[in-house]
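Structure first, commentary second.
The values are calculated or read from the model by the stated rules, or taken from the named source; none is laboratory data. All of these numbers come straight from a predicted model, not from anything done at the bench. No Cβ is skipped: glycine too gets one built from the backbone with ideal geometry, and neighbour counts run over all protein chains shown. These area figures cover heavy atoms from the full protein model, side chains too; ligands, DNA and RNA do not enter into them. Shrake-Rupley method; radii C 1.70, N 1.55, O 1.52, S 1.80 Å.
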Amino acid sequence: MAPMGIRLSPLGIAVFCLLGVGVIYHLYAGVLSNRFASFRQKTTVDLRDLLALSMDAAVQGGREVKRIREDNTLEEKSKGETKEGASEKLTLGDLNSHRKMFYLIKNTYPNIQVNSEEHANAEGEATLWTRIIPEEILAKIPGEKEVPADKITVWIDPLDATQEYTENLRKYVTTMVCVAVDGSPVIGVIHKPFTGYTAWGFVGEGSNVAPRSSYNTNSPKVIVSRSHSGKVKNFVQAAFGNNTEILPAGGAGYKVLALLDSTDEEQEMADMYIHVTYIKKWDICAGDAILRSLGGQMTTLKGEQIDYSGSEGNTGGLLASIKTDHKGLVKRLPPWE
Ligand SMILES: Nc1ncnc2c1ncn2[C@@H]1O[C@H](COP(=O)(O)O)[C@@H](OP(=O)(O)O)[C@H]1O
Ligand SMILES: [Mg+2]
Ligand SMILES: [Mg+2]
Ligand SMILES: [Mg+2]
(Lines give C-alpha, C1' and ligand atoms only; values in the text may rest on other atoms or scores of the structure.)
(Ligands and ions follow the chains in the order given, each with its own letter.)
Protein backbone atom coordinates (compact mmCIF):
# COMPACT_ATOMS: atom_id res chain seq x y z
CA MET A 1 0.00 0.00 0.00
CA ALA A 2 1.44 3.41 -1.06
CA PRO A 3 1.13 6.50 1.15
CA MET A 4 -2.23 8.34 1.24
CA GLY A 5 -4.06 5.22 0.06
CA ILE A 6 -2.81 5.31 -3.62
CA ARG A 7 -2.00 1.87 -4.94
CA LEU A 8 0.64 1.69 -7.78
CA SER A 9 -0.21 -1.03 -10.25
CA PRO A 10 2.74 -2.58 -12.18
CA LEU A 11 0.80 -2.09 -15.43
CA GLY A 12 0.31 1.61 -14.71
CA ILE A 13 4.06 2.07 -14.06
CA ALA A 14 4.88 0.28 -17.33
CA VAL A 15 2.46 2.48 -19.34
CA PHE A 16 3.86 5.61 -17.68
CA CYS A 17 7.45 4.61 -18.51
CA LEU A 18 6.54 3.82 -22.12
CA LEU A 19 4.89 7.25 -22.45
CA GLY A 20 8.06 8.86 -21.06
CA VAL A 21 10.28 7.03 -23.52
CA GLY A 22 7.90 8.07 -26.33
CA VAL A 23 8.11 11.75 -25.37
CA ILE A 24 11.92 11.63 -25.10
CA TYR A 25 12.20 9.82 -28.47
CA HIS A 26 9.94 12.42 -30.09
CA LEU A 27 12.03 15.28 -28.71
CA TYR A 28 15.42 13.83 -29.73
CA ALA A 29 14.63 11.86 -32.91
CA GLY A 30 15.31 14.84 -35.17
CA VAL A 31 18.57 15.67 -33.46
CA LEU A 32 19.77 12.07 -33.56
CA SER A 33 18.86 11.49 -37.18
CA ASN A 34 20.67 14.72 -38.17
CA ARG A 35 23.72 13.53 -36.27
CA PHE A 36 23.66 10.19 -38.07
CA ALA A 37 23.06 11.87 -41.44
CA SER A 38 26.03 14.19 -41.04
CA PHE A 39 28.15 11.27 -39.86
CA ARG A 40 27.14 9.33 -42.99
CA GLN A 41 27.87 12.38 -45.17
CA LYS A 42 31.35 12.66 -43.72
CA THR A 43 32.47 9.13 -44.44
CA THR A 44 32.23 9.22 -48.24
CA VAL A 45 32.79 11.93 -50.83
CA ASP A 46 31.50 12.05 -54.40
CA LEU A 47 34.56 12.63 -56.61
CA ARG A 48 32.47 14.38 -59.26
CA ASP A 49 31.45 16.92 -56.60
CA LEU A 50 35.09 17.23 -55.58
CA LEU A 51 36.09 17.94 -59.22
CA ALA A 52 33.50 20.76 -59.45
CA LEU A 53 34.63 22.11 -56.06
CA SER A 54 38.30 21.92 -57.13
CA MET A 55 37.53 23.96 -60.26
CA ASP A 56 35.66 26.53 -58.20
CA ALA A 57 38.57 26.74 -55.74
CA ALA A 58 41.15 27.18 -58.53
CA VAL A 59 39.06 29.94 -60.13
CA GLN A 60 38.38 31.77 -56.85
CA GLY A 61 42.04 31.58 -55.83
CA GLY A 62 42.98 32.78 -59.31
CA ARG A 63 40.85 35.92 -58.88
CA GLU A 64 42.97 36.88 -55.86
CA VAL A 65 46.18 36.16 -57.77
CA LYS A 66 45.06 38.40 -60.66
CA ARG A 67 43.73 41.23 -58.48
CA ILE A 68 46.90 41.48 -56.39
CA ARG A 69 49.11 41.51 -59.50
CA GLU A 70 46.94 44.18 -61.15
CA ASP A 71 46.87 46.32 -57.98
CA ASN A 72 50.64 45.80 -57.63
CA THR A 73 50.27 44.95 -53.92
CA LEU A 74 52.46 41.81 -53.87
CA GLU A 75 54.22 42.45 -50.51
CA GLU A 76 56.99 40.16 -51.75
CA LYS A 77 58.93 38.21 -49.08
CA SER A 78 61.26 35.22 -48.99
CA LYS A 79 60.26 32.00 -47.17
CA GLY A 80 63.89 30.85 -47.20
CA GLU A 81 65.97 29.08 -49.82
CA THR A 82 65.58 25.91 -51.84
CA LYS A 83 68.21 23.16 -51.42
CA GLU A 84 69.98 24.69 -54.42
CA GLY A 85 70.02 28.17 -52.87
CA ALA A 86 67.22 29.89 -54.85
CA SER A 87 65.00 32.27 -52.85
CA GLU A 88 61.53 30.77 -52.21
CA LYS A 89 59.26 33.74 -52.82
CA LEU A 90 55.98 34.39 -51.04
CA THR A 91 53.52 37.13 -52.00
CA LEU A 92 50.08 38.30 -50.92
CA GLY A 93 48.89 36.59 -54.11
CA ASP A 94 50.02 33.19 -52.74
CA LEU A 95 48.49 33.85 -49.31
CA ASN A 96 45.12 35.26 -50.37
CA SER A 97 44.68 32.56 -52.98
CA HIS A 98 45.53 29.94 -50.33
CA ARG A 99 42.85 31.38 -48.01
CA LYS A 100 40.18 31.19 -50.72
CA MET A 101 41.13 27.74 -51.98
CA PHE A 102 41.95 25.98 -48.73
CA TYR A 103 38.91 27.15 -46.74
CA LEU A 104 36.48 26.63 -49.62
CA ILE A 105 37.50 22.96 -49.70
CA LYS A 106 37.94 22.57 -45.94
CA ASN A 107 34.59 24.24 -45.10
CA THR A 108 32.81 21.93 -47.54
CA TYR A 109 34.60 18.70 -46.51
CA PRO A 110 36.06 19.29 -43.02
CA ASN A 111 37.29 15.72 -42.70
CA ILE A 112 39.38 15.33 -45.85
CA GLN A 113 43.14 15.84 -45.78
CA VAL A 114 44.06 19.05 -47.63
CA ASN A 115 47.77 19.87 -48.11
CA SER A 116 48.52 23.38 -49.32
CA GLU A 117 51.89 24.91 -50.12
CA GLU A 118 50.96 27.94 -48.00
CA HIS A 119 49.58 28.44 -44.50
CA ALA A 120 47.46 31.32 -43.22
CA ASN A 121 44.61 31.86 -40.79
CA ALA A 122 40.99 31.81 -41.93
CA GLU A 123 40.41 35.57 -41.49
CA GLY A 124 36.99 36.21 -43.05
CA GLU A 125 36.95 33.01 -45.09
CA ALA A 126 33.49 31.64 -44.35
CA THR A 127 33.00 30.57 -47.98
CA LEU A 128 30.85 27.55 -48.72
CA TRP A 129 30.66 25.74 -52.03
CA THR A 130 27.52 26.52 -54.12
CA ARG A 131 27.23 22.80 -54.99
CA ILE A 132 26.70 23.76 -58.65
CA ILE A 133 28.27 21.22 -61.01
CA PRO A 134 29.15 22.83 -64.37
CA GLU A 135 27.38 21.44 -67.46
CA GLU A 136 30.69 20.40 -69.06
CA ILE A 137 31.31 18.05 -66.12
CA LEU A 138 27.75 16.67 -66.05
CA ALA A 139 27.98 16.00 -69.79
CA LYS A 140 31.19 13.96 -69.46
CA ILE A 141 30.61 12.33 -66.07
CA PRO A 142 26.99 11.23 -65.77
CA GLY A 143 27.17 9.35 -62.46
CA GLU A 144 28.32 9.88 -58.90
CA LYS A 145 31.68 8.38 -57.81
CA GLU A 146 31.62 7.86 -54.06
CA VAL A 147 34.88 7.08 -52.24
CA PRO A 148 35.66 6.91 -48.50
CA ALA A 149 36.86 10.33 -47.31
CA ASP A 150 39.83 8.85 -45.46
CA LYS A 151 41.33 7.59 -48.74
CA ILE A 152 41.53 11.14 -50.15
CA THR A 153 44.47 13.57 -50.09
CA VAL A 154 43.96 16.97 -51.76
CA TRP A 155 47.07 18.94 -52.85
CA ILE A 156 46.73 22.64 -53.59
CA ASP A 157 49.19 25.08 -55.08
CA PRO A 158 47.54 28.50 -54.60
CA LEU A 159 50.00 30.13 -57.02
CA ASP A 160 52.42 28.19 -59.18
CA ALA A 161 55.36 30.15 -60.68
CA THR A 162 55.61 32.69 -57.86
CA GLN A 163 59.11 33.67 -59.08
CA GLU A 164 57.68 34.57 -62.50
CA TYR A 165 54.66 36.29 -60.85
CA THR A 166 57.08 38.65 -59.08
CA GLU A 167 58.78 39.32 -62.45
CA ASN A 168 55.35 40.06 -63.98
CA LEU A 169 55.66 37.11 -66.40
CA ARG A 170 51.94 36.44 -66.15
CA LYS A 171 51.57 33.69 -68.75
CA TYR A 172 53.38 31.12 -66.58
CA VAL A 173 51.13 31.59 -63.52
CA THR A 174 48.53 28.95 -62.59
CA THR A 175 46.49 27.81 -59.58
CA MET A 176 46.24 24.03 -59.10
CA VAL A 177 44.16 21.46 -57.23
CA CYS A 178 44.76 17.72 -57.23
CA VAL A 179 42.77 14.88 -55.65
CA ALA A 180 44.66 11.68 -54.89
CA VAL A 181 42.88 8.49 -53.81
CA ASP A 182 45.07 6.03 -51.93
CA GLY A 183 48.07 8.08 -53.11
CA SER A 184 47.16 7.81 -56.78
CA PRO A 185 46.39 11.06 -58.67
CA VAL A 186 42.77 10.91 -59.86
CA ILE A 187 41.59 14.50 -60.44
CA GLY A 188 43.71 17.44 -61.63
CA VAL A 189 42.77 21.08 -62.24
CA ILE A 190 45.18 23.69 -63.66
CA HIS A 191 43.77 27.22 -63.99
CA LYS A 192 45.38 30.29 -65.58
CA PRO A 193 44.13 33.37 -63.71
CA PHE A 194 45.22 35.92 -66.33
CA THR A 195 43.48 34.32 -69.32
CA GLY A 196 40.69 32.44 -67.49
CA TYR A 197 41.69 29.12 -69.10
CA THR A 198 41.07 25.95 -67.03
CA ALA A 199 42.21 22.41 -67.82
CA TRP A 200 40.82 19.43 -65.89
CA GLY A 201 41.17 15.69 -66.02
CA PHE A 202 39.51 12.85 -64.10
CA VAL A 203 41.26 9.50 -64.58
CA GLY A 204 38.94 6.95 -66.19
CA GLU A 205 36.15 9.52 -66.59
CA GLY A 206 37.19 12.36 -68.91
CA SER A 207 38.95 15.65 -69.47
CA ASN A 208 38.38 18.97 -71.20
CA VAL A 209 41.79 18.88 -72.92
CA ALA A 210 43.35 16.50 -75.45
CA PRO A 211 46.84 15.47 -76.48
CA ARG A 212 48.20 16.83 -79.77
CA SER A 213 48.20 14.50 -82.76
CA SER A 214 51.94 13.71 -82.61
CA TYR A 215 55.14 14.25 -80.64
CA ASN A 216 58.76 14.25 -81.76
CA THR A 217 60.83 11.94 -79.58
CA ASN A 218 63.79 11.48 -81.97
CA SER A 219 64.77 15.08 -81.73
CA PRO A 220 62.42 16.39 -79.02
CA LYS A 221 61.74 19.89 -77.78
CA VAL A 222 62.14 19.61 -73.99
CA ILE A 223 60.51 22.10 -71.62
CA VAL A 224 62.44 22.72 -68.37
CA SER A 225 62.50 25.08 -65.39
CA ARG A 226 63.83 28.61 -65.90
CA SER A 227 64.40 29.40 -62.20
CA HIS A 228 65.07 25.98 -60.58
CA SER A 229 66.89 24.34 -63.48
CA GLY A 230 69.90 22.76 -61.74
CA LYS A 231 71.94 20.80 -64.31
CA VAL A 232 68.97 20.02 -66.52
CA LYS A 233 70.66 21.24 -69.73
CA ASN A 234 73.53 18.72 -69.43
CA PHE A 235 71.07 16.01 -68.45
CA VAL A 236 68.83 16.61 -71.49
CA GLN A 237 71.78 16.86 -73.89
CA ALA A 238 73.28 13.64 -72.52
CA ALA A 239 69.98 11.91 -73.28
CA PHE A 240 68.96 13.39 -76.63
CA GLY A 241 72.09 15.05 -78.08
CA ASN A 242 73.79 18.42 -77.95
CA ASN A 243 71.43 19.98 -80.49
CA THR A 244 68.28 19.21 -78.49
CA GLU A 245 65.95 22.19 -78.32
CA ILE A 246 65.52 23.22 -74.67
CA LEU A 247 62.69 25.56 -73.74
CA PRO A 248 63.05 27.19 -70.30
CA ALA A 249 59.68 28.16 -68.80
CA GLY A 250 58.17 29.00 -65.39
CA GLY A 251 55.62 26.90 -63.49
CA ALA A 252 55.11 23.16 -63.29
CA GLY A 253 51.44 23.62 -64.31
CA TYR A 254 52.43 25.65 -67.38
CA LYS A 255 54.98 23.03 -68.42
CA VAL A 256 52.42 20.19 -68.29
CA LEU A 257 49.99 22.25 -70.39
CA ALA A 258 52.82 22.64 -72.96
CA LEU A 259 52.48 18.91 -73.67
CA LEU A 260 48.79 19.16 -74.54
CA ASP A 261 46.63 20.68 -77.22
CA SER A 262 45.82 23.64 -75.04
CA THR A 263 43.74 26.29 -76.79
CA ASP A 264 45.02 28.99 -74.47
CA GLU A 265 46.74 32.04 -75.94
CA GLU A 266 50.48 32.44 -75.21
CA GLN A 267 50.94 28.73 -74.37
CA GLU A 268 54.19 27.33 -75.80
CA MET A 269 54.40 23.69 -76.90
CA ALA A 270 56.94 20.97 -76.11
CA ASP A 271 57.38 17.22 -76.60
CA MET A 272 58.30 16.38 -73.01
CA TYR A 273 58.90 17.97 -69.60
CA ILE A 274 62.02 17.19 -67.55
CA HIS A 275 62.88 18.45 -64.04
CA VAL A 276 66.02 17.43 -62.13
CA THR A 277 65.89 19.35 -58.82
CA TYR A 278 63.71 18.71 -55.75
CA ILE A 279 60.01 19.49 -56.25
CA LYS A 280 56.88 19.28 -54.07
CA LYS A 281 53.72 17.26 -54.62
CA TRP A 282 51.39 20.31 -54.88
CA ASP A 283 53.51 21.38 -57.89
CA ILE A 284 53.12 18.14 -59.82
CA CYS A 285 50.03 16.17 -58.70
CA ALA A 286 47.46 18.07 -60.83
CA GLY A 287 49.61 17.75 -63.96
CA ASP A 288 50.17 14.06 -63.26
CA ALA A 289 46.40 13.47 -62.93
CA ILE A 290 45.56 15.36 -66.14
CA LEU A 291 48.26 13.50 -68.10
CA ARG A 292 47.03 10.15 -66.71
CA SER A 293 43.44 10.96 -67.62
CA LEU A 294 44.67 11.32 -71.23
CA GLY A 295 46.90 8.22 -71.25
CA GLY A 296 50.12 10.17 -70.60
CA GLN A 297 52.61 9.71 -67.77
CA MET A 298 54.56 11.67 -65.21
CA THR A 299 57.22 9.64 -63.36
CA THR A 300 60.53 10.11 -61.60
CA LEU A 301 63.60 10.03 -63.85
CA LYS A 302 63.88 6.31 -63.06
CA GLY A 303 60.37 5.76 -64.37
CA GLU A 304 58.72 5.25 -60.95
CA GLN A 305 55.15 6.37 -60.21
CA ILE A 306 54.88 9.11 -57.60
CA ASP A 307 52.80 8.43 -54.47
CA TYR A 308 50.65 11.43 -53.52
CA SER A 309 50.08 10.58 -49.88
CA GLY A 310 52.36 11.15 -46.94
CA SER A 311 55.30 13.53 -47.21
CA GLU A 312 55.33 16.56 -49.50
CA GLY A 313 58.59 16.09 -51.41
CA ASN A 314 59.65 14.36 -54.63
CA THR A 315 63.39 13.82 -54.87
CA GLY A 316 63.52 11.58 -57.95
CA GLY A 317 63.16 14.32 -60.59
CA LEU A 318 60.42 14.30 -63.26
CA LEU A 319 59.80 13.03 -66.75
CA ALA A 320 56.40 13.82 -68.25
CA SER A 321 55.29 12.65 -71.66
CA ILE A 322 52.17 11.70 -73.58
CA LYS A 323 51.47 9.58 -76.68
CA THR A 324 55.05 8.25 -76.51
CA ASP A 325 56.87 5.16 -75.31
CA HIS A 326 57.54 6.57 -71.83
CA LYS A 327 59.61 3.56 -70.70
CA GLY A 328 61.70 3.88 -73.87
CA LEU A 329 62.36 7.54 -72.96
CA VAL A 330 63.44 6.58 -69.41
CA LYS A 331 65.99 4.15 -70.91
CA ARG A 332 67.56 6.97 -72.93
CA LEU A 333 68.15 9.12 -69.83
CA PRO A 334 71.59 9.19 -68.20
CA PRO A 335 71.93 7.44 -64.79
CA TRP A 336 70.08 9.38 -62.09
CA GLU A 337 71.29 9.72 -58.51
N1 LIG B 1 64.44 22.74 -56.32
C2 LIG B 1 63.23 23.12 -55.92
N3 LIG B 1 62.95 23.23 -54.60
C4 LIG B 1 61.72 23.63 -54.20
N5 LIG B 1 60.71 23.95 -55.04
C6 LIG B 1 60.95 23.84 -56.35
C7 LIG B 1 62.20 23.42 -56.86
N8 LIG B 1 62.13 23.39 -58.20
C9 LIG B 1 60.91 23.79 -58.52
N10 LIG B 1 60.17 24.06 -57.42
C11 LIG B 1 58.82 24.58 -57.37
O12 LIG B 1 58.10 24.01 -58.45
C13 LIG B 1 57.33 24.98 -59.13
C14 LIG B 1 57.79 25.04 -60.58
O15 LIG B 1 59.14 25.46 -60.62
P16 LIG B 1 59.77 26.02 -61.96
O17 LIG B 1 58.96 27.18 -62.38
O18 LIG B 1 61.15 26.39 -61.60
O19 LIG B 1 59.68 24.90 -62.92
C20 LIG B 1 57.51 26.28 -58.36
O21 LIG B 1 56.41 26.33 -57.47
P22 LIG B 1 55.86 27.65 -56.73
O23 LIG B 1 56.01 28.79 -57.66
O24 LIG B 1 54.45 27.25 -56.46
O25 LIG B 1 56.65 27.78 -55.48
C26 LIG B 1 58.81 26.06 -57.64
O27 LIG B 1 58.91 26.76 -56.42
MG1 LIG C 1 56.34 28.56 -53.72
MG1 LIG D 1 54.17 25.44 -57.47
MG1 LIG E 1 53.01 27.90 -55.18
Practice task
Kindly provide the set of residues from the range 162-190 that are in contact (Cβ under 8 Å) with a residue 60 or more places away in the chain, open to solvent by 10 Å² or more (accessible area, probe 1.4 Å) and either in a strand (DSSP E or B) or within 16 Å of ligand 1 (Cβ to nearest atom) (or both), ordered by number.
Solution key: T162, Q163, T166, N168, L169, R170, K171, Y172, V181, S184, V186
Problem - Residue within the range 216-230 that is within 16 Å of M55 (Cβ to Cβ), buried (at least 20 other Cβ atoms within 10 Å of the Cβ) and touching a Leu at 6+ places or on another chain (Cβ under 7 Å) present - result: no
Practice task
Determine if the range 240-250 includes at least one residue that is away from ligand 1 (no atom under 12 Å from the Cβ), surrounded by fewer than 20 Cβ atoms within 10 Å (Cβ to Cβ), free of Cβ contacts under 8 Å to residues at least 40 places away in the same chain and in a helix (DSSP H, G or I).
Solution key: no
Exercise for the section: State whether the residues of the range 150-168 include one that is modelled with pLDDT under 95 and small (G, A, S). Expected result: no
Exercise for the section: For the range 104-124, indicate whether the set of residues that are under 18 Å from V154 (Cα atoms), within 13 Å of ligand 2 (Cβ to nearest atom), open to solvent by 30 Å² or more (accessible area, probe 1.4 Å) and not hydroxyl-bearing (S, T, Y) is non-empty. Expected result: yes
Fill in the blank from the handout: Among residues of the range 114-126 being of a type outside the set (G, A, S) and at pLDDT below 85, the residue farthest from T91 (Cα to Cα) is E125
Handout entry: Condition broken by V45, with the remaining ones in (1) β-branched (V, I, T); (2) modelled with pLDDT of 95 or more; (3) farther than 16 Å from C178 by Cα satisfied
Key = (3)
Problem - Single match in T127, T73, T108 (criterion: of a type in the set (V, I, T), more than 16 Å from ligand 4 (Cβ to nearest atom), farther than 25 Å from S309 by Cα and without any contact (Cβ under 8 Å) to a residue 60 or more places away in the chain) - result: T73
Problem - Filter result for L329 (under 21 Å from the mean Cα position of the chain (by Cα) and part of a helix (DSSP H, G or I)) - result: no
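For (1) more than 16 Å from ligand 2 (Cβ to nearest atom); (2) of a type outside the set (A, V, I, L, M, F, W, C), each residue gets a yes or a no:
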residue: V147; (1), (2): yes, no
residue: T153; (1), (2): yes, yes
residue: Q163; (1), (2): no, yes
residue: P193; (1), (2): no, yes
residue: T198; (1), (2): yes, yes
residue: G206; (1), (2): yes, yes
residue: A239; (1), (2): yes, no
Exercise for the section: Please go through the range 228-254 and pick out each residue that is within 16 Å of ligand 4 (Cβ to nearest atom), in contact with a Gly (Cβ under 9 Å, 6 or more places away or on another chain) and closer than 21 Å to W336 by Cα. Expected result: A252
Exercise for the section: For the range 73-150, please list each of the strands (runs of 3 or more DSSP E) lying entirely inside it that holds at least 3 residues being within 29 Å of R170 (Cα to Cα) and within 16 Å of the chain's Cα centre (by Cα). Expected result: 113-116
